[in-house]
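Asks: Take a look at this one; I'll ask things after.
The values are calculated or read from the model by the stated rules, or taken from the named source; none is laboratory data. Keep in mind that what you see is a predicted model, and the values were worked out from it rather than measured. Please note: Cβ atoms are built from the backbone with ideal geometry, for glycine as well, and neighbour counts cover all protein chains shown.
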Amino acid sequence: MLKLIVTRLLGLIPLLFLVTFLTFFLLSVTPGDPASTACGTDCTQEQLDAKRAEFGLDKPLIGQYVTWLGNALQGDLGESYFSSQGVTDSIVSRFGATLSITILATIVGTVLGVGMGIVSAMRPNSLVDRTVTFIASLSQAAPGFLIAIYLVLLFAIIWNLFPATGYVPFTESPYEWFRHLVLPVIALSIAPAAGLSRQTRASLARTMGQDYIRTANAKGLPRRRVMIRHALRNALIPIVTVVGLQIAGLLGGALLVERVFAIPGLGSLALTAVQQRDIPVIQGFVLFTAVIIVLVNTAIDIVYGFVNPKVRPS
Amino acid sequence: MSFTLPDGGSGPSGGPPPGGPPPGGMPGGMPGGPGGMPPGMGGIAPADLVASGGGTPYQTLSGRQRFWRRLRSRPEAMTAAAFLVFLVLVAIFAPQVAPKDPYDQNLRDNLQGPSSQYWLGTDQLGRDVLSRIIYGGRVAIQSMMIATVISAVIGVPIGIAIGFIGGWLDRIVMRILEVLYALPQLVVLIAIIGIMGPGLRNAMIALGLFMSTAYIRLLRGEVLAAREDLYVDSARVIGSPTRKIMFKHVLPNVLPTLLVTMTLLVGAVLLAEAGLSFLGLGAQPPQASWGAMLQESLTYIGRQPFLAVPPGIIIVITIMAVNLVGDAVRDSVGRGMPPAPPRRRRRQAVPEVDAEAILAEAAKELSAFGSARFERAPDTALLAVDGLSVSFPTPQGGVLTILQGSTFHVMPGETLGLVGESGSGKSMTALAVMGLIPSPGQVVAGSVKLNGIELTELSDNDLRKTRGTEIGMIFQDPMSSMNPSMTVGDQIGEALRIHKGYSKKAARERATDLLDLVGVPDPSRRVRAYPHEMSGGMAQRCMIAMALACEPKLLIADEPTTALDVTIQGQVLDLLRRLKDELGMSILFITHDLGVVAEICDRAAVMYAGQVVEQATVNELFTNPQHPYTEGLLRAMPQNTLMGERLRTIPGQVPEPWAWPTGCRYHPRCPYAQDACTSDSIDMQQLIPAHIVRCRRAEELQLEAAQ
């Protein structure tokens, strides 16, 4: 098991290197001069040169990259062109909200999706099955932020059950944290839940037709045990991969949903940076997201190794 | 998930992703197949190419007709298409259709609900919402066109190029795509827009760039697959330059798939435009875009909640319509598949309604089908099967009886072989004895007695308790018959824990002993192994250990050696013989191999087309066969073939259950068949003690014995 984890982690190095390379060079060829933008309109040549030196733009590109990469490895993603705050600090301070939404939506989406998938598989064409099918096709056309807006409309404006905007860190008040996250998390988890329930249903149906289910029945096991120990256990193996794929989408969706609820997360940071062409912040944001996603994928790989003995090195 | 490329593979539909096949995979996207497209189809209209997707090259017209017929057979897709046409027309004629100027501010009338003057109300600046929705349609269509064209124009050539050139270029591009796909799509878009700056046009160029990856992957896959194909090879032999090959030969074949991808991408573009404009990265105020309208409505949601309703609804409806049309196009172009859902629904409905009644009817007929003309199984028999019939309801409302009046018995300590070709009903007999007939099939007549207890009358729960304790069963393919995610030890111990209440530890110990008993080396280590870590022979030994865990009196072995190597086969047979003697159990041994029967069985029952046709001791059966089918099987044994002689076979094959002939079911293949054999049903008869046969000419025929 340890070997699997180490192999996976080592495999990340070239991938992350490529990510930093792409992020840095693509964003560095941006048309326009960030120094002149930051300097403002009445800017003398000296002031401009000073700004360029401050941003390190006077050095050759490859040198800039090496410096940036070296700093990034130490956790320093540079400084924003516009605010004095370090990029790493502003990302870390805003990541809590985004992470809370993403994790909660992953959990809710997975639990709901797998649960409804099992019910649909056991009772095909039942009310649950048909409802889930309908929601699944609807949620393909209704993005999370749209659902979020309508949830605000119903549960915050009309019924006033949950706050319409804002975020309270968990450390300040777990209860308020929860209350502020209910609507964003529901909005974000509907689509993955619907998708997952379809996948679970299909996977379970496939598994129920396997030879080893017949064997389990021939052993005289109770139906419940056949379903859980033999069918579900194997049906969930491919589902782990699906959940992993969904996390990246959820992280992206969280950025949009944050906007609906005016939650100060990574989304607002990135949007402000894009509007201002604040390149270090965008670079830091992309790199940070990439690292998170890569780590999540690795974690999923490892979980996959746990649930699927075939990939586990013995 | 906010934006999803249709070939992301994780969409809620769960359908097969339309994306390109993996390198070297099947050329799945080319329904025409090699040579399916006449070469030199220069400036051809998309519809013709779509038509060739139907599978008939050179018959473009009928193919096109089929495409349209398939599309038309889906009314919801037609409605969706009509809606989209309407939307496009309204957008084109927006200045004529819109009731007001979308930019005309009227601050006195701001934030109004729907009224006769403003059908959908007004926004914060008093602009007419309906007019803005109509003009927003223009933005959506423009965005769609920019992004779609850019993605295709960039993606198609790059995809073809890297597919053809391959090598390091291919590796670099694919590596970059991998990184792009790992990231959330929104993050990639934010990065690209970060480079170019916000604004609708830039956002759509960014989107086009990002979506070009879908075409790159698709085209690369298609080219790689096409390169394997003969017709490109032959073009190369003739000496066509590479570029010409690409455009004349590959592109026409890919176009149907390309069209589908494009249709499916449209929905993704619309979603992305809405999302990006909502974030302020796309359309900028005062431009009327559905996404931007949502963003504005959010600011005033407390004062005029209705403001959020129209743009949201139009987004959902439009994207749904696009997806419906996209799905329909995919299914119509795609490998000749008819629209599936309606058909499936019909197929399921019939048996559900009528199954019980149909089977009850069948039962009445079959119970008359007796076993009267020969001696009954002795009272001391361990297993006595009498007149066992199994039927399935058919979708047409009929009934399919796949096992008819099976009669045989197994004495304590005896091995009975159940012999016959594939499709003769051997396995179904075994499953019927176990009470494991797959739904909606049923035992409709007959009796199964184990130690004098009627199994067909037991409750489901009591029958379940019989399985694994009184009767154990092993199957043909040990690998697929074991749960891949459970250790062998847990699978063996499972029955003990359920039926006998063993503790986890005791079950593990007993499992180790059992592995030792069935001759698995190093059992204390193997008990922790997973099935995939074993060879086929070892796995079958584990299966045997599993079946024997609760020391059943009867072991049903369903072709347990068929999937194994010949040398391993002998070992497993030896093992079964030894275990039978050591444990004093009986075996019902199902096989198509008379050689195996001779080796391990005491008696044998020969089955043909759902009936037992002959039953006797193995010795008797081999030396004095009474049924022509048995004779045929004996003759076909390689052991009975002389050196240098052709292997003999029985001409023809076992008919399918719905094509069983009247009279003797073997008569079409029987060299001794007479007219009488074709009409009357034949009962079992006993001519010599302990030898029964289902043949009207048994008495007169002198059949060839085994040598």
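Asks: Can you name the residue in segment B:120-146 that is over 50 Å from the mean Cα position of the chain (by Cα) and assigned to a loop (DSSP other than H, G, I, E, B) and, of all such residues, is modelled with the highest pLDDT?
Replies: Out of the qualifying residues, it is B:R127.
Asks: Could you run through segment B:651-672 and say how many residues are without any contact (Cβ under 8 Å) to a residue 40 or more places away in the chain and outside any helix (DSSP H, G or I)?
Replies: The number of residues fulfilling the criteria is 6.
Asks: While we're here: Go through segment B:71-97 and give me each residue that's within 21 Å of B:G136 (Cβ to Cβ) and of a type in the set (G, A, S).
Replies: B:A80, B:A81, B:A82, B:A91, B:A94
Asks: For B:S151, all conditions in the list (1) farther than 26 Å from A:V274 by Cβ; (2) of a type outside the set (A, V, I, L, M, F, W, C); (3) crowded, with 18+ Cβ neighbours inside 10 Å hold save one; what is the number of the exception?
Replies: (1)
Asks: Considering only segment B:267-289, how many residues are part of a helix (DSSP H, G or I) and touching a residue at least 24 places away in the same chain (Cβ under 8 Å)?
Replies: So the answer is 11.
Asks: Which residue is surrounded by the most Cβ atoms within 10 Å (Cβ to Cβ), if the candidates are limited to segment B:523-564 and must be within 11 Å of another protein chain (Cβ to nearest Cβ) and without any contact (Cβ under 8 Å) to a residue 40 or more places away in the chain?
Replies: B:E533
Asks: Right, another one. With A:I101, A:I135, A:I118 as the choices, which residue is over 20 Å from the mean Cα position of the chain (by Cα), under 27 Å from B:E273 (Cβ atoms) and part of a helix (DSSP H, G or I)?
Replies: The conditions single out A:I135.
Asks: Of the residues that sit in segment B:271-305 and are within 16 Å of B:A203 (Cα to Cα) and surrounded by fewer than 24 Cβ atoms within 10 Å (Cβ to Cβ), which one is nearest to the other protein chains (Cβ to nearest Cβ)?
Replies: Among those that are within 16 Å of B:A203 (Cα to Cα) and surrounded by fewer than 24 Cβ atoms within 10 Å (Cβ to Cβ), it is B:G280.
Asks: Related question: Given the conditions (1) modelled with pLDDT under 90; (2) within 27 Å of B:G652 (Cα to Cα); (3) not in a loop (DSSP other than H, G, I, E, B), which single one is not true for B:V444?
Replies: (2)
Asks: If you scan segment A:4-29, which residues turn out to be of a type in the set (S, T, N, Q) and more than 10 Å from chain B (Cβ to nearest Cβ)?
Replies: Correct list: A:T7, A:T20.
Asks: Do any residues in segment A:196-212 that are free of Cβ contacts under 8 Å to residues at least 24 places away in the same chain and over 15 Å from A:I228 (Cβ atoms) have Cβ atoms under 8 Å from those of residues that are of a type in the set (A, V, I, L, M, F, W, C) and surrounded by 17 or more Cβ atoms within 10 Å (Cβ to Cβ), where the two are at least six apart or on different chains, and which pairs are they?
Replies: From segment A:196-212, the pairs are A:D211/B:F475.
Asks: So, one more: Inspect all residues belonging to segment A:151-165 and state whether any of them is at the interface with chain B (Cβ under 9 Å from one of its Cβ atoms), small (G, A, S) and part of a helix (DSSP H, G or I).
Replies: There is at least one residue in segment A:151-165 that is at the interface with chain B (Cβ under 9 Å from one of its Cβ atoms), small (G, A, S) and part of a helix (DSSP H, G or I).
Asks: Of everything in segment A:215-234, what is at the interface with chain B (Cβ under 7 Å from one of its Cβ atoms), among the basic types (K, R) and over 18 Å from A:V307 (Cα atoms)? Give them in sequence order.
Replies: Scanning segment A:215-234 gives a single hit, A:K219.
Asks: Oh, and also: Go through segment A:164-180 residue by residue and tally those that are buried (at least 17 other Cβ atoms within 10 Å of the Cβ) and without any contact (Cβ under 8 Å) to a residue 40 or more places away in the chain.
Replies: Result for segment A:164-180: 1.
Asks: Can you tell me which condition A:L104 does not meet? The list is (1) in contact with a helix residue (DSSP H, G or I) (Cβ under 6 Å, 6 or more places away or on another chain); (2) away from every other protein chain (no Cβ under 13 Å); (3) without any contact (Cβ under 8 Å) to a residue 60 or more places away in the chain, and all the others hold.
Replies: (3)
Asks: Related question: Kindly establish whether A:I118 is more than 10 Å from every other protein chain (Cβ to nearest Cβ) and surrounded by 15 or more Cβ atoms within 10 Å (Cβ to Cβ).
Replies: Answer is yes for this residue.
Asks: Next up: Across segment A:191-213, what is the number of residues that are assigned to a helix (DSSP H, G or I) and either acidic (D, E) or more than 7 Å from chain B (Cβ to nearest Cβ) (or both)?
Replies: Total meeting the criteria: 13.
Asks: Pairs only if they're at least six apart or on different chains, beta carbon under 8 angstrom, first in segment B:168-180 and crowded, with 17+ Cβ neighbours inside 10 Å, second small (G, A, S) and assigned to a helix (DSSP H, G or I); list them, first residue then second.
Replies: So the pair list comes out as B:D170/B:G163; B:V179/A:A290.
Asks: Right, next: For B:E178, state whether it is under 20 Å from B:L218 (Cα atoms), among the acidic types (D, E) and either at pLDDT below 85 or assigned to a helix (DSSP H, G or I) (or both).
Replies: yes
Asks: Which numbered condition in (1) at the interface with another protein chain (Cβ under 7 Å from one of its Cβ atoms); (2) touching a residue at least 60 places away in the same chain (Cβ under 8 Å); (3) surrounded by 23 or more Cβ atoms within 10 Å (Cβ to Cβ) is the only one that A:T289 fails?
Replies: Tallying (1) at the interface with another protein chain (Cβ under 7 Å from one of its Cβ atoms); (2) touching a residue at least 60 places away in the same chain (Cβ under 8 Å); (3) surrounded by 23 or more Cβ atoms within 10 Å (Cβ to Cβ), A:T289 fails exactly one: (2).
Asks: Applying the selection to segment A:257-286, what residues are more than 10 Å from chain B (Cβ to nearest Cβ), in a helix (DSSP H, G or I) and of a type in the set (A, V, I, L, M, F, W, C)?
Replies: Hit for segment A:257-286 is A:L269, nothing else.
Asks: Return only the number of the condition from (1) under 16 Å from the mean Cα position of the chain (by Cα); (2) within 23 Å of A:Y150 (Cα to Cα); (3) facing another protein chain (nearest Cβ under 10 Å) that A:G244 does not satisfy.
Replies: (2) is the only condition that A:G244 fails.
Asks: Here is a further query. Identify, please: which residue in segment B:467-484 is touching a Gly at 6+ places or on another chain (Cβ under 7 Å) and more than 7 Å from chain A (Cβ to nearest Cβ) and is, among those, surrounded by the most Cβ atoms within 10 Å (Cβ to Cβ)?
Replies: B:P478
Asks: Report yes if some residue within segment A:174-190 is within 9 Å of another protein chain (Cβ to nearest Cβ) and either assigned to a helix (DSSP H, G or I) or in contact with an Asp or Glu (Cβ under 8 Å, 6 or more places away or on another chain) (or both); otherwise report no.
Replies: Yes, there is a match, as at least one residue in segment A:174-190 is within 9 Å of another protein chain (Cβ to nearest Cβ) and either assigned to a helix (DSSP H, G or I) or in contact with an Asp or Glu (Cβ under 8 Å, 6 or more places away or on another chain) (or both).
Asks: Conditions: (1) among the hydroxyl-bearing types (S, T, Y); (2) in contact with a Ser or Thr (Cβ under 8 Å, 6 or more places away or on another chain); (3) surrounded by fewer than 19 Cβ atoms within 10 Å (Cβ to Cβ). B:S459 meets all but one. Number of the miss?
Replies: Answer for B:S459: the failing condition is (2).
Asks: Also, I was wondering about something else. Tell me whether segment B:643-660 contains one or more residues that are on the phi > 0 side of the Ramachandran plot and at pLDDT below 85.
Replies: Taking every residue of segment B:643-660 in turn, at least one turns out to be on the phi > 0 side of the Ramachandran plot and at pLDDT below 85.
The rows are residues; the columns are (1) closer than 30 Å to B:G420 by Cα; (2) modelled with pLDDT of 95 or more; (3) under 35 Å from the mean Cα position of the chain (by Cα); (4) not hydroxyl-bearing (S, T, Y).
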site	(1), (2), (3), (4)
B:I474	yes, no, yes, yes
B:V488	no, no, yes, yes
B:L496	no, no, yes, yes
B:K505	no, no, no, yes
B:D522	no, no, no, yes
B:R526	no, no, yes, yes
B:E559	yes, no, yes, yes
B:V566	yes, no, yes, yes
